[in-house]
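Here's the structure, in C-alpha cells; my notes come after.
The values are calculated or read from the model by the stated rules, or taken from the named source; none is laboratory data. What you are looking at is a predicted structure, and each value in this text was computed from that prediction instead of being measured. For neighbour counting, all protein chains shown are included, and Cβ atoms are generated from backbone atoms with ideal geometry for every residue, glycine included.
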2 protein chains.
Amino acid sequence: MSPKITGELLRQLRQAMKNCKYFSEPIQAYIIPSGDAHQSEYIAPCDCRREFISGFDGSAGTAIVTEQHAAMWTDGRYFLQANQQMDNNWTLMKMGLKETPSQEDWLISVLPENSKVGVDPWIIAADQWKNMFKALSSAGHSLVAVQDNLIDAVWPDRPERPSTQLRSLGLDFTGISWQDKITTLRAKMSERKITWFVATALDEIAWLFNLRGADIEYNPVFFAYTIVGMNTIRFFVDLKRLSDPAMREHLQLDSPSKPELSIQTFPYESVYTELQAICAALGPKDKVWICDKASCALTQVIPKTHRSPIPYTPLCLGKAVKNATEIQGMKMAHIKDAVALCELFAWLEKEIPNGNVTEISAADKAEELRSQQKDFVGLSFPTISSVGPHGAIIHYRPLPETNRTLTVNEVYLIDSGAQYVDGTTDVTRTMHFGTPSAFEKECFTYVLKGHIAVSAAIFPNGTKGHLLDSFARAALWESGLDYLHGTGHGVGCFLNVHEGPCGISYKTFADEPLEAGMIVSDEPGYYEDGSFGIRLENVVLVVPAKPKYNYRNRGSLTFEPLTLVPIQVKMMNTELLTQKERDWVNEYHRKCREVVGAELERQGRQEALEWLIRETQLII
Amino acid sequence: MSPKITGELLRQLRQAMKNCKYFSEPIQAYIIPSGDAHQSEYIAPCDCRREFISGFDGSAGTAIVTEQHAAMWTDGRYFLQANQQMDNNWTLMKMGLKETPSQEDWLISVLPENSKVGVDPWIIAADQWKNMFKALSSAGHSLVAVQDNLIDAVWPDRPERPSTQLRSLGLDFTGISWQDKITTLRAKMSERKITWFVATALDEIAWLFNLRGADIEYNPVFFAYTIVGMNTIRFFVDLKRLSDPAMREHLQLDSPSKPELSIQTFPYESVYTELQAICAALGPKDKVWICDKASCALTQVIPKTHRSPIPYTPLCLGKAVKNATEIQGMKMAHIKDAVALCELFAWLEKEIPNGNVTEISAADKAEELRSQQKDFVGLSFPTISSVGPHGAIIHYRPLPETNRTLTVNEVYLIDSGAQYVDGTTDVTRTMHFGTPSAFEKECFTYVLKGHIAVSAAIFPNGTKGHLLDSFARAALWESGLDYLHGTGHGVGCFLNVHEGPCGISYKTFADEPLEAGMIVSDEPGYYEDGSFGIRLENVVLVVPAKPKYNYRNRGSLTFEPLTLVPIQVKMMNTELLTQKERDWVNEYHRKCREVVGAELERQGRQEALEWLIRETQLII
C-alpha cells in the first residue's frame, strides 16, 4: 500500500482557506470530519472528503489542516493503516494514547492568536460543534461555519450523490408497519410534550418507513430526511424514487388510511427551508426533538428555546430492541451465514496447502458462498481477510498491492458479514491451518476467555453495556495484554452493521441500558504488531436470564449467541480454560452442530457438514 | 428511631419562601443541598441544614421544598434510614432506581408555570447550579440565588461555626513541605498558563499547608480558603488560630524564606471581597483555576472569560497520589488499627455469649481499643456497628433507641476507622459468632469473590477505577444479586476518609486514572432487607504489577491490601471459591498473621494474638 501524494492538494486547500469567495475572512485551520450530512459511519463516494484529501480511508478519522500542519486523528483500529495510507505531509494523532492531544488542545497549541477555524456545518454534528466552539472560544479563537465545502472546491471529479432503487419490506420481515411506528413515535412525543421530531440518521428513516436502499455500500439505506409532527409527516427524498406504484402503495401516498398518516413528499434538498418554515410557525411552547448528533447546520435552524436535543432518538431506541419477527429473521440470517462460513473453512482447509488462496480470493470465496444463500443482498462491510501481520491491522482490507497468500504457517483472521433481507451478520474467526505457536495459542485463549466472560455474563436489568467491557479484558490484563478497541457494537436488522444506542465499550458512557431484544457483537481481540492478529466475534442477542435469586425483582439478562460458527479448537490452549469455560465451548459447539448441521444437511453441503462435525468435537 | 416532626418547620420555611425580605419575589421551591460552602461531605453542626429541616442525617441527600411538597433525594445506602428518620411530610426519592425522577424533572412536573426556585449559592456547587439552571430555564422556570439561607432563618438556636486549634505536621509525616507543594502547584499553573488558583475544598487546603484541624467531626480539617498567585499566597482563616508562635513558624508568617512564599493572612469571611479585588485587576489573558465543584457564589465572582473550571484541582490530584512517607504512615496506621480490631473481635467472641454486648458498646469498645494505639486522634467516621437487620441499613449508626444486642444468632457487620497522625483507616468486617445460615454464607462468599476479584485484578496503567467495578459484582450478578452502592472510594492520609479523584464505582465516569501510590477502598456488599447485611472492606494501595507481558510498554497495576484484619472463614462457603481465590485468602491471612501478629506480640496483647492465629488457619 503506497501513501497518497497530497502536497499539491493541500496547497490548493490552503489557497481555498484564504479565498474570501468561501468565507469573508481567511481561515487558519479547516476541519474535515468523517461522515456526511447524516453523520453516517459508512459514506457514499461523494462524501469521502477526508479520504480524498489525506488518502486514509478507515471508517473513523478527523483531519485538520492549518497553514503549516495537516493532522489526522483516528483510533487504535487504524493506527497502522493510516500510517501506510498517508504521506509525510500528515501527522497521525493516535487517539486513546495519553500523550495524544485532543483536536481542541492541538489547535490551540499550533494556531496564531485570534484564529478562525472553519468547518462545513452539514458535516459536523451539533454536539461536536458545541464542544469545539467552546474550547476554541475560551482560547480566543473562533469556530466558523463555511457553507461551501472546501474539499469539494478542490475536488473536480467528485462523484454524484447516489439515488438507488428503494425496496419496501412487508410485515413478514419488519413485524411492525410504518404506520404503527409513527403512532408509537407520536405517543412518545406527546408524553414528553414534543410537537416536532426531525429525523436525520439514514438508518432510522429506513427503519421507520420499512424501506431500504443501496445508496451507501454495505448499508441498505438511502438519502432522506423526515420531519414528523403530531398530524403531519414530511419525507424529503429524491422524488424520482417514489414513482413506482408499489412504492406509492407501500407509503399510501395516493390514498392515506388516515389524514394524520398522510405522507407529504419533498425534494431531499428542501429540508433546510421546510424546517425553517416549520420553525417560523412554532408556538411559544412548541418543542422540536433533534438528535444532538444531527448536523450543526440543521440543528441551528431550530431556535434554541424550541430545540430539545436528545442523545438518542425514539427511533434509535425502537430500532435497537428487535421484535419477535426481527429476531427470527436475524436467527435465520445467521444460520445461512454459518452455512457459507463452514463451507469457506472446509474449502480453505483443503486449498491452502496448494498455495493458491490469497486474502482476496478467500474474501471473494466467502462472498460467493454467502451469495448462494436465500435473500442475500450484499456484504454488510468490507471483508477483513488478513494473514499473519495483516491481522494486526485491525480494519485491514486486502488490496491487490498488499494481497498475501494463506499458508499453513500463519494465523488467518477473517471478519466478515452480509446483508440478507431477513437480517445482518458480522462474524470474526481466527484460524491456523498448520500448527500455531504456543504464544499464538496463549493469546487466542485469553481472547476466548474474554469472549466467553461477556457472552456468559449474567447481569441485572438496566445494566449499561460499558459495565461489561472489562470482563472481556480481564484474562488479557492478567498477562499484561490488551486491545485498543471496544468489545461490541449494536447490530441492525437488515440495516447498518454498527448501530447505537447500546454497545460494550470502555469508551461509551452515554450508552443506553441493555434490554432483552437488543443485539450486539462480542468481539475481544489481541494484536501483535508485525506478527498476527486475533479476534473472536459473535453477534449475540440480549435475553432474560433466570439465576437462583432475583434481587429487588429487577430481573436479570444474559446473551444468546446468534452466530453459530465453530471456534477453532486447534488455536486453544485448553489447559488455560476453566471447567466452566470448557463447558461453554462444548455447549456452543453442540448448538452449532445441531442447528447449522441440520441446515447444511438440508442444503446437501456434505463437505462442510463433515468439517463442522470435525470442528465441534468435545474438548476436555 | 422515630421520625422528626417537621410540619411546623416546613410551614415556617414556606413562609420565608414567600417573604420578600429574603428575595424580591416569592419563590415556589427551595433547594436544600447537603454540604457547606466548601462542598464538604461531612459537615459541622452549623451546616446541617438538610438534617435540621427533614430529620434525615445521612451523609448524602438533597431536600427540595415547594408550596405543596417536600422531597428528599438520596442513594441506596440510605433508603431505609431516610424512611425511618423523616415524617409523612416528606417523600423519599430513591436515586438510582429507574422510576425515580431527577430533581429537575420532578420540579418541572410539580411547579406552576414560570416558577422561581431558590437556593443558597454558597451551598450549591457551580456545576450543579449550571445543570439545574439549564433544566429549569428550558422549562420556563428560573433558578435564583437567595443570599440569606432560609433554613438559618427558621433555625433560632443554630450552632456557631467551629474554630478548633490547628496542628502542624512535619516532614516525617507529610514527606513534602508546604513550600514545595506551592512550587509544584505554581509549575502546573504556569504549564497551563493559569495566573490564579482558588482552593475551596477543606482537605486540599489542609494538605497544601501540612496543617490539620478538628472543625468537622471525623475529618481533620479546618474552615479556610486559599488563593494562590504566581507570587502571592492568600490564606483566609479565623486569624485567632494563627497566634501560636509554632504555627507562625510553620507558616513562616514572620520571616518568609522567599518573598513568593510569603503568606498573607485574611479573615475567613473576606474571601469574597478579596477575590472580587483580584478579579477586578485581572489582565486580559489572566486565567483563574477553580474547581467546578466549588460554590456557585465564589465561582461567579470570577468573570466567565477568566474562569477556567476544572473537575479536579492539582491539589486534589497531588493529594491522591501518596508519597513514600505517606504510604509508610498509612501502613503503620493500618497495622495499629488491625491490632485494635483483633482485640475487639477476640473480646466479642468471649463476651457475646454472655448477652451483654450491644451495637453501641461494641462500637465504644472498638474506639477505646483504637485510642490505646500511638498517635490516635479520633474516629474517621461514625462507626457502623450493626446486628442482623440493621446490617442491611447501609450507613446505619446505632442510637440508644435502636441499639440491639449482639447474639450468636445474627450476623454482625462493623464498618469503622480511625484518624492517626500517620494515616487514616476504614475497614469493614462481617462476622457470625454462632452458626451462620447457608444463605448468609453463600452471600458472604459471593461478596468475598467480588472483593478478591478487585483486589487481585491486574490492569493497565491509565485504567480508570470505574472499569473495575463490575469485577466486584460478577459473582453476585451470576446468582441474581447486587448491591446499590459503589465499590470503593479514595482514602486520605490523616485526612478525609472519602476523597477524590479516584474511586471504583459504576456511577463515576469522571474519575481520574488509577496510578501507583493512590489509595482506595475495596468494599462490595450484599444487603438482605430486614434480615442481614454483608460488606467486606479493605483499604488498598495501587502498586505496579509485573505480569508476563507488557503490551505497548504501558505497564500494569494491581492492589496491595493495607488493611490486615482476618476475614472470617466461618462465613465462607469454601466450596464456592476457586483455587485461586483460596490461595488469595491464605496469602492474605499469612500476611495478617506475620505483620499484625508481630505487632500484637510487641504490644503484649496475647489474647488477640491467639485469636489472630486461630482466625488465619489455612483453608483448603
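Restricted to helices (runs of 4 or more DSSP H) entirely inside segment A:517-620, those with at least 2 residues that are more than 28 Å from residue A:328 (Cα to Cα) and within 14 Å of chain B (Cβ to nearest Cβ) are A:579-591.
For the condition aliphatic (A, V, I, L, M), in contact (Cβ under 8 Å) with a residue 60 or more places away in the chain and under 30 Å from residue B:442 (Cα atoms), what is the one hit in B:379, B:406, B:413?
Of the residues listed, the single one that is aliphatic (A, V, I, L, M), in contact (Cβ under 8 Å) with a residue 60 or more places away in the chain and under 30 Å from residue B:442 (Cα atoms) is B:413.
Taking the conditions exactly as written (in a loop (DSSP other than H, G, I, E, B) and either farther than 22 Å from residue B:345 by Cβ or more than 13 Å from chain A (Cβ to nearest Cβ) (or both)), does residue B:507 satisfy them or not? Answer is yes for this residue.
Filtering segment A:284-311 to residues that are out of contact with any Lys or Arg (no Cβ under 7 Å at 6 or more places or on another chain), in contact (Cβ under 8 Å) with a residue 24 or more places away in the chain and either surrounded by fewer than 16 Cβ atoms within 10 Å (Cβ to Cβ) or among the hydrophobic types (A, V, I, L, M, F, W, C) (or both) leaves A:285, A:289, A:291, A:294, A:296, A:297, A:298, A:300, A:301, A:302, A:303, A:311.
Candidates in segment B:461-485 are the residues that are more than 20 Å from residue B:94 (Cβ to Cβ), part of a loop (DSSP other than H, G, I, E, B) and more than 7 Å from chain A (Cβ to nearest Cβ); of these, the one that is farthest from the chain's Cα centre (by Cα) is B:461. If you check A:83, A:114 for being more than 30 Å from residue B:515 (Cα to Cα) and free of Cβ contacts under 8 Å to residues at least 24 places away in the same chain, only one passes: A:83. Could you tell me whether residue A:523 is modelled with pLDDT of 95 or more, within 19 Å of the chain's Cα centre (by Cα), more than 28 Å from residue A:388 (Cα to Cα) and charged (D, E, K, R)? Against the criterion (modelled with pLDDT of 95 or more, within 19 Å of the chain's Cα centre (by Cα), more than 28 Å from residue A:388 (Cα to Cα) and charged (D, E, K, R)), residue A:523 does not qualify. Of all residues in segment A:97-111, none satisfies being farther than 30 Å from residue B:286 by Cα and more than 14 Å from chain B (Cβ to nearest Cβ). Is it the case that residue A:495 is over 23 Å from residue A:583 (Cβ atoms) and of a type in the set (A, V, I, L, M, F, W, C)? Here the answer is yes, as residue A:495 does meet what is asked. Hey, does segment A:39-56 have a residue that's touching a residue at least 60 places away in the same chain (Cβ under 8 Å), of a type in the set (Ser, Thr, Tyr) and outside any loop (DSSP other than H, G, I, E, B)? There is no residue in segment A:39-56 that is touching a residue at least 60 places away in the same chain (Cβ under 8 Å), of a type in the set (Ser, Thr, Tyr) and outside any loop (DSSP other than H, G, I, E, B).
Conditions (1) of a type in the set (A, V, I, L, M, F, W, C); (2) on the phi > 0 side of the Ramachandran plot, marked per residue:
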position: A:517; (1), (2): no, yes
position: A:529; (1), (2): no, no
position: A:543; (1), (2): yes, no
position: A:549; (1), (2): no, no
position: A:557; (1), (2): yes, no
position: A:561; (1), (2): no, no
position: A:566; (1), (2): no, no
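With the requirement that a residue be surrounded by 15 or more Cβ atoms within 10 Å (Cβ to Cβ) and more than 32 Å from the chain's Cα centre (by Cα), what does segment A:574-604 give you? Hit for segment A:574-604 is A:576, nothing else.
Is it the case that some residue within segment A:296-311 is within 21 Å of residue A:129 (Cα to Cα) and of a type in the set (Gly, Ala, Ser)? Yes, some residue in segment A:296-311 is within 21 Å of residue A:129 (Cα to Cα) and of a type in the set (Gly, Ala, Ser).
The lone criterion from (1) over 21 Å from residue B:414 (Cα atoms); (2) under 16 Å from the mean Cα position of the chain (by Cα); (3) more than 14 Å from every other protein chain (Cβ to nearest Cβ) left unmet by residue B:496 is number (1).
Please work out if residue A:13 is more than 22 Å from the chain's Cα centre (by Cα) and within 14 Å of another protein chain (Cβ to nearest Cβ). No: the conditions fail for residue A:13. For residue A:440, the conditions (1) out of contact with any His (no Cβ under 9 Å at 6 or more places or on another chain); (2) within 14 Å of chain B (Cβ to nearest Cβ); (3) in contact (Cβ under 8 Å) with a residue 60 or more places away in the chain all hold with the exception of (1).
Quick grid of which residues meet (1) modelled with pLDDT under 95; (2) surrounded by 22 or more Cβ atoms within 10 Å (Cβ to Cβ):
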{"position": "B:399", "(1), (2)": "yes, no"}
{"position": "B:409", "(1), (2)": "no, no"}
{"position": "B:417", "(1), (2)": "no, yes"}
{"position": "B:420", "(1), (2)": "no, yes"}
{"position": "B:433", "(1), (2)": "no, yes"}
{"position": "B:440", "(1), (2)": "no, no"}
{"position": "B:446", "(1), (2)": "no, yes"}
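Among the residues of segment B:62-78, is there at least one that is out of contact with any strand residue (DSSP E or B) (no Cβ under 7 Å at 6 or more places or on another chain), in a loop (DSSP other than H, G, I, E, B) and crowded, with 20+ Cβ neighbours inside 10 Å? Scanning segment B:62-78 turns up at least one residue that is out of contact with any strand residue (DSSP E or B) (no Cβ under 7 Å at 6 or more places or on another chain), in a loop (DSSP other than H, G, I, E, B) and crowded, with 20+ Cβ neighbours inside 10 Å. State which residue is surrounded by the most Cβ atoms within 10 Å (Cβ to Cβ) when the search covers only segment B:257-280 and only residues that are assigned to a loop (DSSP other than H, G, I, E, B) and touching a helix residue (DSSP H, G or I) at 6+ places or on another chain (Cβ under 9 Å). Only one residue tops the list, namely B:267.
Here the condition is being at positive phi, in contact (Cβ under 8 Å) with a residue 24 or more places away in the chain and not aromatic (Phe, Trp, Tyr); of A:240, A:193, it holds for A:193 alone. Looking only at segment B:308-348, count how many residues are modelled with pLDDT under 95 and touching a Ser or Thr at 6+ places or on another chain (Cβ under 9 Å). Final tally of qualifying residues: 2. Of the listed requirements (1) under 23 Å from residue A:386 (Cβ atoms); (2) charged (D, E, K, R); (3) under 19 Å from the mean Cα position of the chain (by Cα); (4) surrounded by fewer than 17 Cβ atoms within 10 Å (Cβ to Cβ), residue A:507 misses just one: (1). Looking only at segment B:425-442, decide whether some residue is under 24 Å from residue B:204 (Cβ atoms) and within 18 Å of the chain's Cα centre (by Cα). Yes - at least one qualifying residue is present in segment B:425-442.
With the requirement that a residue be within 23 Å of residue B:398 (Cα to Cα) and touching a Leu at 6+ places or on another chain (Cβ under 8 Å), what does segment B:61-92 give you? Those that are within 23 Å of residue B:398 (Cα to Cα) and touching a Leu at 6+ places or on another chain (Cβ under 8 Å): B:72, B:74, B:75, B:76, B:77, B:79, B:82, B:83, B:86.
At least 2 residues being among the charged types (D, E, K, R) is the threshold, and among the helices (runs of 4 or more DSSP H) wholly inside segment A:300-371 those reaching it are A:324-351, A:359-371.
Residue by residue through segment B:20-38, note down the ones that are within 24 Å of residue B:89 (Cβ to Cβ) and touching a residue at least 40 places away in the same chain (Cβ under 8 Å). Scanning segment B:20-38 gives B:22, B:23, B:26, B:27, B:28, B:29, B:30, B:31, B:32, B:33, B:35. Candidates A:92, A:9: the one that is in a helix (DSSP H, G or I) and of a type outside the set (D, E, K, R) is A:9.
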